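Remarks on the structure that follows.
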Amino acid sequence: MNIKKLILLLILIAAASFLLFTFLNSKPKHDIAVGLYAPNLDLKDEISGRKLTSEDLKNKIVFVNFWATWCSPCKEEMPSIESLFKDMAGNEKFQMVTILYKDPYRNGTAYMKQNRYTFPVYSDSNGITARNFGVTGIPETYVIDKKGILRQRVLGPAEWNTPEVKNFLNSLLNE
């Protein structure tokens, strides 16, 4: 009996050591933090079939928002996102990128049409961009500066058409 207990104890210690070693040595694909380079985007415009990558967005302020039609908090912030999009529409150094998260593209376009929203919607059907950004829930929004540095990360819904947000974006545009 003592030998069986000893063998079981050794197996448990080995398993615990393996799990601890694996956990301590696993890193997320990217470190997501304000002040670090933003992760890469790998998206598709389902209407044109064109891919959108981080390379396409160099030297622009990029507003990235992950959302879904089944997400109530996402729907709450949509009017303010539309307002921000319209306010910034004339600025070629600003790019809005909204990304459907675990939601079919046809649902997103139907929702956009129903609510008369005009901001661009991209598909992340393979989930690569969401994984790169470490999306944990939605809505999640990221503001990236012209150098590709993440300047703001907002988890949850927000009001995007406030003077504070517009001043922040304009300060980034003027850098």
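The values are calculated or read from the model by the stated rules, or taken from the named source; none is laboratory data. Not measured: the values here are computed from a predicted model. Ideal geometry is used to build each Cβ from the backbone, glycine not excepted, and the neighbour counts take in all protein chains shown.
Among the residues of the range 121-133, those identified as out of contact with any Leu (no Cβ under 9 Å at 6 or more places or on another chain) and either in a strand (DSSP E or B) or surrounded by fewer than 15 Cβ atoms within 10 Å (Cβ to Cβ) (or both) are Asn126, Gly127.
Say whether the condition of being under 20 Å from Lys44 (Cα atoms) and part of a loop (DSSP other than H, G, I, E, B) is met by at least one residue in the range 145-168. Yes, because at least one residue in the range 145-168 is under 20 Å from Lys44 (Cα atoms) and part of a loop (DSSP other than H, G, I, E, B). Scanning the range 104-118 turns up one or more residues that are touching a helix residue (DSSP H, G or I) at 6+ places or on another chain (Cβ under 6 Å), not in a helix (DSSP H, G or I) and not aliphatic (A, V, I, L, M).
Number of residues in the range 49-94 that are in a helix (DSSP H, G or I), hydrophobic (A, V, I, L, M, F, W, C) and farther than 13 Å from Tyr122 by Cβ: the value is 6. Within the range 142-161, being out of contact with any helix residue (DSSP H, G or I) (no Cβ under 8 Å at 6 or more places or on another chain) and either surrounded by fewer than 16 Cβ atoms within 10 Å (Cβ to Cβ) or not charged (D, E, K, R) (or both) holds for Lys147, Ile149, Leu150, Val154, Leu155. Screening Cys74 on (1) modelled with pLDDT of 95 or more; (2) closer than 16 Å to Leu173 by Cβ shows it passes everything except condition (2).
Among the residues of the range 115-142, those identified as at pLDDT 95 or above and within 10 Å of Phe66 (Cα to Cα) are Ile138, Pro139, Glu140, Thr141, Tyr142.
Among the residues of the range 51-70, those identified as of a type in the set (Val, Ile, Thr) and surrounded by 14 or more Cβ atoms within 10 Å (Cβ to Cβ) are Ile61, Val62, Val64, Thr69.
Rundown of residues vs (1) exposed (fewer than 10 other Cβ atoms within 10 Å of the Cβ); (2) modelled with pLDDT of 65 or more, yes/no style:
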| residue | (1), (2) |
| --- | --- |
| Ile7 | no, yes |
| Thr22 | yes, no |
| Lys29 | no, no |
| Val34 | no, yes |
| Gly49 | yes, yes |
